[in-house]
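Worksheet for the structure shown next.
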Amino acid sequence: MPYATLQQLTDRFGEQMLLNLTDRAVPPAGEIDPVVVTRALADTDAAIDGYLAGRYALPLAQVPPRVVDLALTIAVYKLHPFEPDPKITRDYEQAMKALLAISRGEERLPLEGAEPAATGNSGVVTNDRARPFTEDNLKGFI
């Protein structure tokens, strides 16, 4: 299940912006290229899955609005063939920081019936071997 759709991108960013970003035909076809959008959305889904996989069982049964928001932000950044404007770059960087926080467990997703995966015991493990030099075997040298 994709985290975002073409319709959601259109609703959020407008048809004209998507047309400018995706119509790469020469001469321009004058319509949004669904192949370009699908590729950007697939790349976005893969990136999000990489961050969520350590904490949540994938695929998610329901997609929380927070994940949809992150997916839309990342997808529009990926749709830019050249340097995006500073706001889109800043939003993308914030979205990636949010995904990192989710993957670390600093931010939790509100998913019913899906608890984050346990991270296991991260304590230090040590081995204590017998001491080769003790007071008893060094008698006479000390």
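Below, the figures for the structure above:
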{"read-out": "Kirkwood Rh and Cα Rg combined as Rg over Rh, evaluated for the range 6-104", "value": "1.00"}
{"read-out": "Lysines with Cα under 24 Å of LYS139, excluding same-chain neighbours fewer than 8 positions away", "value": "none"}
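FYI, it's all coordinate maths here, none of it is from the lab. All of these numbers come straight from a predicted model, not from anything done at the bench.
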